[in-house]
Amino acid sequence: MEVREALALGRKALSGKSEQSSRDAVLLLSHALNCRSEEIYVHPERIVTAKEYDAYITYLKRRAENEPMAYILGYKDFMGRKFKVDRRVLIPRPETEILVETALHLAKGSRAYCVKRKKHENRPLASVSSLIFLQMHWR
């Protein structure tokens, strides 16, 4: 099966089950193929292997059952950074970026959210549910 056919199959499978079925199909296919989403459009003639196809079908079924894209893909972009996520993590909503921007604006010049960490420390600063705090720290 070619990429163009797999993409058409995915769009049809997600039609009416996802608000953004075309976008989701592209992201899931690129995830299954381990490539950037742009490559789906640039090389629609590429052959999808059986292993890639099986992974894609699994992702489509999960999405058709309303599983969030971030859980299927295993990451969520938040304010220009990629965070690893799974079912144990709350996914940040787009409105959360507004909250962070507002908090940064209000805290400008303040040391209220200052954090120190060891340079080579190999453990997380906070749980993933603290993305707001981390984003403020990195600014």
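Screening Lys12, Lys61, Lys82 for residues that are outside any helix (DSSP H, G or I) and either surrounded by fewer than 19 Cβ atoms within 10 Å (Cβ to Cβ) or out of contact with any Phe, Trp or Tyr (no Cβ under 7 Å at 6 or more places or on another chain) (or both) leaves exactly one candidate, Lys82.
In this structure, Pro124 does not qualify as part of a loop (DSSP other than H, G, I, E, B), more than 15 Å from the chain's Cα centre (by Cα) and either at positive phi or at pLDDT 80 or above (or both). Output the qualifying pairs, or none if there are none: Cβ atoms under 7 angstrom, residues six or more apart or on different chains, first residue in the stretch 17-32 and farther than 18 Å from Ala55 by Cα and in contact (Cβ under 8 Å) with a residue 12 or more places away in the chain, second residue aliphatic (A, V, I, L, M) and part of a helix (DSSP H, G or I). Cβ pairs passing all conditions: Lys17/Ala64. In the stretch 88-101, the residue that is surrounded by the most Cβ atoms within 10 Å (Cβ to Cβ) out of those that are under 13 Å from the mean Cα position of the chain (by Cα) and either assigned to a helix (DSSP H, G or I) or not aliphatic (A, V, I, L, M) (or both) is Pro92.
The values are calculated or read from the model by the stated rules, or taken from the named source; none is laboratory data. Given the structure is predicted, the values throughout are model-derived calculations rather than measurements. All Cβ positions, even for glycine, are placed from backbone atoms using ideal geometry, and neighbour counts span all protein chains on display.
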